[in-house]
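K.L.:
Here it is, the structure in full.
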Amino acid sequence: MYAVFVCIGVFAFVNGYVNVALNKPAYQQYQYQPGDDRYDANNVVDGRKSDLSRDGGQCAVSYGKQTATWWVNMTTIHSIHHITIYFRTNNKPLGPSNYLTKYVLGFSVYVSNTTDKLQGTLCYKDDNFTLDTIPAVFTTACPVHGQYVIFYNERRPGTIYPGDYSKYVFSDLCEVEVYGCPTTGYFGFNCSVPCPDVNCQYCHIETGTCHVCKTGYRSYRCELACDKGSYGSQCKEICGHCRDTDQCSNINGTCLTGCDAGYQGNLCRTGE
Ligand SMILES: *[C@@H]1O[C@H](CO)[C@@H](O)[C@H](O)[C@H]1NC(C)=O
Ligand SMILES: *[C@@H]1O[C@H](CO)[C@@H](O)[C@H](O)[C@H]1NC(C)=O
Ligand SMILES: *[C@@H]1O[C@H](CO)[C@@H](O)[C@H](O)[C@H]1NC(C)=O
């Protein structure tokens, strides 16, 4: 019994953040032999990474194309700390003698709120590794909020790449672990400290600095309600025709003392 508690304690200390991508829905472009689960995108978030071969059923496998895309949908916006990627290696070290190595060079990792990487944050773009230096397990920090982690690689016609690079790319990943907090509104190594500013919705995972205020609040520390006449998420909505302009709810825009003559509805937007 005692040993069990010690183990859990050590594990929690070594691994304070949780893998919020585990068993979440995943997708890859150009799956190899579509319908064959051995090559499915979801293998990358199944927690298994003991067999990094093509047919071991623990990796995503694609056809070689000019672009490769794989993503995981964490289903809600999460506060992320770092991302770890296990490339497919066929259970051999990566390096010049492993033919898989050249396909990995040039990869990038994004966090986004949609499946469009360009709407998100670029966490890492490889323009540094060579056949000799690329690691089989790669970790990048990415302390942002987002719902999708997207792996991308490309070989564009007409673009000149370093000599080490392959002609085509693949989304052949065996595991992607996205370490962060299971719920938003908390920060710190164990995700146990509430964001310091009471009206903060999303704060920095390490420092607690507010990134986004709760609906109806604004300013650096979210201490201010929306300005008179505005309300809602990031105070982007404009109040309707309230009888008293300062009696519009900062949160949902309801006119608390009713509408101006000639207007109706909760938001007093319907004219007569
Ligand atoms: C991601 O997951 C959410 C929640 O389950 C779902 O509503 C959304 O449609 C998913 N996105 C995609 C692109 O499948
Ligand atoms: C996702 O949306 C949240 C809330 O609006 C925002 O704070 C965050 O920066 C967005 N993430 C990315 C990667 O754009
Ligand atoms: C660049 O590659 C070297 C190994 O050659 C590695 O030690 C270093 O961390 C890499 N830098 C980045 C920013 O990935």
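The values are calculated or read from the model by the stated rules, or taken from the named source; none is laboratory data. Worth saying up front: this structure is predicted, and the values here are computed from it rather than measured. Here the Cβ positions follow ideal geometry from the backbone for every residue, glycine too, while neighbour counts run over all protein chains shown. For accessibility, only protein heavy atoms count, side chains too; no ligands or nucleic acids. Shrake-Rupley method; radii C 1.70, N 1.55, O 1.52, S 1.80 Å.
K.L.:
Under the definition of Cα pairs under 8 Å and six or more residues apart, what whole-number percent is the relative contact order of the chain? Walk me through the intermediate numbers first.
P.N.:
Values: 694 pairs, mean separation 46.2, N = 272.
Dividing the mean separation by the residue count of the chain yields 17 percent.
K.L.:
For Ser166, Ser50, write out the residues from largest to smallest accessible area, computed with a 1.4 angstrom probe and no ligands counted.
P.N.:
Details: Ser166 10, Ser50 100 Å².
Of Ser166, Ser50, the descending order of accessible area is Ser50, Ser166.
K.L.:
With axes computed from alpha carbons, what is the tilt in degrees of helix 2-14 against the longest principal axis of the chain, rounded to the nearest 10 within 0 to 90?
P.N.:
80
K.L.:
Additional query: Between their Cα atoms, which of Lys24/Lys117; Lys24/Lys167; Lys49/Lys117; Lys24/Lys92; Lys49/Lys167 are more than 23 Å away from each other?
P.N.:
Working: Lys24/Lys117 18 Å; Lys24/Lys167 31 Å; Lys49/Lys117 26 Å; Lys24/Lys92 28 Å; Lys49/Lys167 27 Å.
Pairs exceeding the cut-off: Lys24/Lys167; Lys49/Lys117; Lys24/Lys92; Lys49/Lys167.
K.L.:
Please identify, among Ile205, Ile77, Ile160, the residue showing maximal mean-square fluctuation in a Gaussian network model of the chain using a 10 angstrom Cα cutoff.
P.N.:
Fluctuation is largest for Ile160.
K.L.:
Ok, one more. Would you tell me the accessible area of Leu224, worked out with a 1.4 angstrom probe on the heavy atoms of the protein chains, in Å² to the nearest 10?
P.N.:
Here the residue's solvent-accessible area equals roughly 70 Å².
K.L.:
To continue, here is another question. Straight-line reach from Lys214: which lysines have Cα under 20 Å away, leaving out those fewer than 8 places along the same chain?
P.N.:
By straight Cα distance, Lys214 reaches Lys228, Lys236.
K.L.:
Here's a follow-up. Within segment 217-264, list the chymotrypsin sites (Phe, Trp or Tyr not before Pro) lying in a DSSP loop whose Cβ has at most 12 other Cβ atoms in a 10 Å radius.
P.N.:
Details: sites: Tyr217, Tyr220, Tyr231, Tyr263; in loops: Tyr220.
Of the chymotrypsin sites (Phe, Trp or Tyr not before Pro), the ones in loops of segment 217-264 whose Cβ has at most 12 other Cβ atoms within 10 Å are Tyr220.
K.L.:
Another one. Please check: in the Gaussian network model of the chain (C-alpha springs, under 10 Å), which one of Gln58, Gln28, Gln247 has the largest mean-square fluctuation.
P.N.:
Looking only at Gln58, Gln28, Gln247, the biggest GNM fluctuation is shown by Gln247.
K.L.:
Stretch Arg48-Arg221 to full length: gain in nm at 0.36 nm per residue minus the Cα-Cα span?
P.N.:
On the way: separation 173, 0.36 × 173 = 62.28 nm, distance 4.14 nm.
Gain on stretching Arg48 to Arg221: 58.1 nm.
K.L.:
Rank these by accessible area, largest first, 1.4 Å probe: Phe107, Phe187.
P.N.:
Values: Phe107 0, Phe187 30 Å².
Sorted descending by solvent-accessible area, the residues read Phe187, Phe107.
K.L.:
Out of the GluC sites (Glu not before Pro) in segment 155-221, which ones are loop residues according to DSSP with at most 15 other C-beta atoms within 10 Å?
P.N.:
Details: sites: Glu175, Glu177, Glu206; in loops: Glu206.
Passing both the DSSP loop test and the Cβ count: Glu206.
K.L.:
Be a star and scan segment 170-185 for residues whose amide nitrogen sits under 15 Å from the point 7 Å along the Cα-to-Cβ vector of Leu122.
P.N.:
none
K.L.:
Which sequence of His145, His78 reflects their accessible areas, 1.4 Å probe, from the largest down? Before the final figure, lay out each step's value.
P.N.:
Values: His145 35, His78 10 Å².
The most accessible residue leads, giving His145, His78.
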